[in-house]
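Q: The structure that follows is given in the form of structure tokens.
A short reminder: the numbers here are calculations on the coordinates, not readings from a lab. Just so it is clear, the model here is predicted, and its values are computed rather than measured. Cβ sites come from the backbone with ideal geometry, for glycine too, and all protein chains shown count toward neighbours.
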Amino acid sequence: MKNYVKTCSSIDDTRELAKRFADITKQKGCFVNLFGDIGAGKTAFVRLVAEALDIKEKVTSPSFTILNEYHTGEIPIYHFDLYRLENVGIKTITDELREYSEGKCLTFVEWAEFSQGEVPFDRIEINVTYDDDDNRCYTFTAIGESKKEIIELLNK
């Protein structure tokens with residue numbers, strides 16, 4: 001199975017999902033593209049994954065800084081936001097995205113749709129949507145053979 005879908009009706013549900021994802025990915029690391037409208041919960045999910053990995057720093061949106069780094073937990077987390085980058089900016093950051101995804105780390109990229117296809121790595125894509133009752137729906141998709149195991153483990 002290449003997808004995993006989970007609807008969360010509370011912050012505790014989201015925290016449990018983030019902890020499961022952190023537990024599954026902390027051994028090998030993972031590159032993650034995050035999609036969703038403003039306010040959908042992309043940064044909140046990253047914050048809860050960081051919490052599950054014992055990150056001590058305050059996790060905030062990298063909207064204006066492009067990249068936030070967190071090194072105090074079980075594995076490093078790199079949190080990118082491509083929203084404010086123009087075409088030229090995307091091309092200059094592609095090498096940096098590769099560099100920050102090597103080794104055992106979690107790399108999250110918010111607004112990955114602005115990458116213009118410049119993120120060819122095997123990865124997990126998470127689409128976050130919400131409904132009228134403020135429930136969050138997280139759809140996880142594996143891109144590349146090496147990430148299918150993560151989806152299989154989430155589906156157990």
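Q: Rounded to the nearest 500, what is the 222 nm mean residue ellipticity of the chain from helices alone, with -39500 (n - 2.57) per DSSP H run of 4+ residues and division by all residues? Mind dumping the intermediate values first?
A: On the way: 4 runs with 46 residues, N = 156.
So the helix-based figure for the chain works out to -9000 deg cm²/dmol.
Q: Dipole magnitude of the stretch 3-154 about its Cα centre, charges +1 at Lys/Arg Cβ and -1 at Asp/Glu Cβ only, in debye to the nearest 20? Working shown, then result.
A: Working: 18 positive and 28 negative charges, 65 e Å.
With Lys and Arg at +1 and Asp and Glu at -1, about 320 debye.
Q: How high is the relative contact order of the chain, given as a whole-number percent (alpha carbon pairs under 8 Å, six or more residues apart)? Please report the intermediate quantities before stating the final value.
A: Values: 296 pairs, mean separation 53.9, N = 156.
Reported as a whole number, the value is 35 percent.
Q: Shifting gears a bit: What shape does the chain have by the C-alpha gyration tensor, where a ≥ b ≥ c are the square roots of the eigenvalues, rounded means a/c under 1.5, and otherwise prolate means a/b greater than b/c and oblate the rest?
A: rounded
Q: Give me Rg/Rg_expected for the stretch 6-96, where Rg uses Cα atoms only and Rg_expected = 2.2 N^0.38 Å with N residues. Mind dumping the intermediate values first?
A: Working: Rg = 13.7 Å, N = 91, 2.2 N^0.38 = 12.2 Å.
Working it through for the stretch 6-96, the quotient is 1.12.
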